[in-house]
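The values are calculated or read from the model by the stated rules, or taken from the named source; none is laboratory data. Treat the numbers as computed from the prediction; the structure is a model and nothing was measured. Don't worry about glycine lacking a Cβ; one is built from the backbone with ideal geometry, like all the others, and counts go over all protein chains shown. The protein model used for the area step is the full one, side chains on, heavy atoms only, and it has no ligands, DNA or RNA in it. Shrake-Rupley method; radii C 1.70, N 1.55, O 1.52, S 1.80 Å.
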Amino acid sequence: MKTSLMEIPGIEPEHQTVWRVRVLAIDDKAPALAALIRWEKTYIKEYKSIMKVLRLAGQQQRVKNPKHVKKTNNPKHGEVYEAIAYTGIARLMFFYDDRTEALIICTNEYEKGGGNQDAAFARCAQLKQVYLDNIP
């Protein structure tokens, strides 16, 4: 299994003054990036909102506004979060990594009303563990 981090088009260096924002790719597949590309084509308002949240997150120690970022309520999932398109359906799951450098790593998506939110947080926690096991 090959893991890597990819940049997100539209997240520029000036948007990453505190944290670098990346997506996790496993075997060259990046579900979070695929979701962003899909939303850019089909849900432009949600795409713009999620991108705004990612830009904010890159510039703040921790986003505290629940309109933008929410932490999982399930303690089994640990420290995983969702970026929220506040009035839309789009959610992007992520976690912080500050072990060696300040990274926000987006892992997978969730669409409000279209599935199980707890399962999306669980998937993020699983992908976080894959990342921690494979990236020094």
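The mean accessible area for residues of segment 1-127, using a 1.4 Å probe and ignoring ligands and nucleic acids, is 52 Å² per residue. Distance between the C-alpha centres of segment 91-119 and segment 21-69: 9 Å, rounded to the whole angstrom.
Within the straight-line cut-off of under 14 Å between alpha carbons, the aspartates and glutamates reachable from K71 are E79, E82, D118, sequence neighbours fewer than 8 places apart in one chain being disregarded.
For a 28 Å ceiling on Cα separation, which of these pairs sit above it: K48/K128; K67/K128; K2/K112; K41/K76? It would help to have the intermediate numbers written out before the result.
Values: K48/K128 25 Å; K67/K128 23 Å; K2/K112 30 Å; K41/K76 34 Å.
Among K48/K128; K67/K128; K2/K112; K41/K76, the Cα-Cα distance tops 28 Å for K2/K112; K41/K76.
The residue list L24, Q129, Q117 was ranked by how far each Cα lies along the charge dipole of segment 1-135 toward its positive end, using unit charges on Cβ atoms, and Q117 comes out on top. Normalised by the number of residues in the chain, the average gap of Cα pairs under 8 Å and 6 or more apart makes the relative contact order 24 percent. Per residue, the convex hull spanned by the Cα atoms of segment 23-77 amounts to 118 cubic angstrom. For segment 2-37, the residues whose backbone nitrogen is under 16 Å from a point 7 Å from the Cα of Q59, taken along Cα to Cβ, are 10-21. Ranked by the mean number of other Cβ atoms within 10 Å of their residues, highest first, the peptides 25-33, 102-110 fall in the order 102-110, 25-33. By accessible area, using a 1.4 Å probe on protein heavy atoms only, the chain has 51% of its surface on carbon and sulfur. Using only alpha-carbon positions in segment 48-88, the gyration tensor eigenvalues give semi-axes of 19, 12, 8 Å once each is multiplied by 5 and square-rooted (largest first). Extending 7 Å from the Cα toward the beta-carbon at both I135 and I37 defines two label points whose distance is 1.9 nm.
With K and R counted +1 and D and E -1, the other residues having a Cβ less than 12 Å from that of Y43 yield a net charge of +2.
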